[in-house]
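The structure appears below as structure tokens.
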Amino acid sequence: MSVFKSGSRALITGGASGIGLAVAQLCLKHGMRVAVVDFNKETLALAKSSLKGDVQCLQADVSQEQTWKGIREKVGDVDFLMLNAGVGERGTWGDSEYFQKILSTNLFGVVNGLNTYVPTFQARSNASPAAIVITGSKQGITNPPGNPAYNASKAAVKTLAEHLSWDLRENKGVSVHLLVPGWTFTGLSGNVPGASTEKPAGAWSSEQVASYMEAKMADDKFYIICPDNDVSEATDKKRMLWTVGDVVNGRPPLTRWRDEWKGKAEEWMGKQEV
């Protein structure tokens, strides 16, 4: 039985645009009651005007622990919790503001949401289905150079989701999922709500990601690793296998991008079968 059904209650952070908005639309299509939480007042207003159904829109900074008490009071218990809020700014070593902003939203926005709502999921009976989805990133798995704070935040939420899945394993009515989008045409990749920018051919739309997520949840998959129009599922698997091979084989980190190793990596991935 699916959590996506009439009468179920959903709470989606970062829900005013991109993947979060597409999932909100998916929930409403199923007759669910939806609470959308977002920090951006402009996109939240656009979401409020475009979403049709039982919708509650809340402006909040999910990185702040005290904010979640207000969210909990206004929304109440939920059946579907999606912790999706994230920022993708770039910075470098010595830029403390960059690290603080990324980790506050991408990591503690998840930690705060879990600490607020997981006890209510633990206390549920098995009578009705419930689900928690945390949005990760392939950068939190393959760890490409150039954005250490973002990669670290997404690696951390992957670990949190894995532990949560283990800790809720006896709660038969509750499923936990790590959503890992591929290249998706969202605000982080140039698709600002209200704009008329054309989607690049290689990217998936947010609606495709939402649909793929629903299908994989129905198959009870924890890891929901989305392909896109440029990168296949097989390529993703090879990249992840090579990355963990740095540890297993005692290589330096990030060999896929090191001049002395990247040729070997490409050759290996060309021959590797998955």
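The values are calculated or read from the model by the stated rules, or taken from the named source; none is laboratory data. Note that this is a predicted model, so its numbers are computed, not measured. Positions of Cβ are generated from backbone atoms using ideal geometry, with glycine treated the same way; all protein chains shown enter the neighbour counts.
Each residue in the range 24-43 was checked for being closer than 13 Å to D79 by Cα and among the aliphatic types (A, V, I, L, M), and 3 pass.
Might you let me know whether the range 190-201 holds any residue that is within 19 Å of G140 (Cβ to Cβ) and among the hydroxyl-bearing types (S, T, Y)?
Within the range 190-201, the subset within 19 Å of G140 (Cβ to Cβ) is none.
Scanning the range 190-201, I find no residue that is within 19 Å of G140 (Cβ to Cβ) and among the hydroxyl-bearing types (S, T, Y), so the answer is no.
List, please: which pairs have Cβ atoms under 6 Å, are six or more places apart or on different chains, and start with a residue in the range 43-68 that is modelled with pLDDT of 95 or more and surrounded by 19 or more Cβ atoms within 10 Å (Cβ to Cβ) and end with one that is aromatic (F, W, Y) and assigned to a helix (DSSP H, G or I)? Pairs found: S63/F108. As for the range 217-224, it holds at least one residue that is in a loop (DSSP other than H, G, I, E, B) and on the phi > 0 side of the Ramachandran plot.
Would you confirm whether any residue within the range 82-90 is touching a strand residue (DSSP E or B) at 6+ places or on another chain (Cβ under 7 Å) and either outside any loop (DSSP other than H, G, I, E, B) or farther than 14 Å from G14 by Cβ (or both)?
Going residue by residue through the range 82-90, those that are touching a strand residue (DSSP E or B) at 6+ places or on another chain (Cβ under 7 Å) are 82-86.
Retained after the next criterion (residues that are either outside any loop (DSSP other than H, G, I, E, B) or farther than 14 Å from G14 by Cβ (or both)): 82-83.
Yes, that holds for at least one residue.
Checking each residue in the range 91-112 for being surrounded by fewer than 18 Cβ atoms within 10 Å (Cβ to Cβ) and part of a loop (DSSP other than H, G, I, E, B) picks out G91, T92, W93, G94, D95.
Taken over the range 225-274, the criterion of being of a type in the set (D, E, K, R) and surrounded by 14 or more Cβ atoms within 10 Å (Cβ to Cβ) is satisfied by D228, D236, K237, K238, R239, D246, R251, R256, R258, K264. The C-beta contact set for the range 113-128 (first residue part of a helix (DSSP H, G or I), second residue surrounded by fewer than 19 Cβ atoms within 10 Å (Cβ to Cβ) and of a type outside the set (S, T, Y), distance under 6 angstrom, 6+ apart or interchain) comprises T116/R72; T120/D77. Kindly evaluate A234 against the criterion of being farther than 25 Å from L164 by Cβ and not aromatic (F, W, Y). Spelling it out, A234 is indeed farther than 25 Å from L164 by Cβ and not aromatic (F, W, Y). Among the numbered conditions (1) under 17 Å from R90 (Cβ atoms); (2) surrounded by fewer than 21 Cβ atoms within 10 Å (Cβ to Cβ), the only one that L168 does not meet is (1). Counting the residues of the range 129-153 that are in contact with a Phe, Trp or Tyr (Cβ under 8 Å, 6 or more places away or on another chain) and outside any helix (DSSP H, G or I) gives 7. Against the numbered list (1) part of a loop (DSSP other than H, G, I, E, B); (2) at pLDDT 95 or above; (3) of a type outside the set (A, V, I, L, M, F, W, C), G202 comes up short only at (2). A Cβ distance below 7 Å, combined with a sequence gap of six or more or placement on separate chains, defines the contacts here; from the range 258-274, residues that are without any contact (Cβ under 8 Å) to a residue 24 or more places away in the chain reach residues that are loosely packed, with under 10 Cβ neighbours inside 10 Å in the pairs R258/P252.
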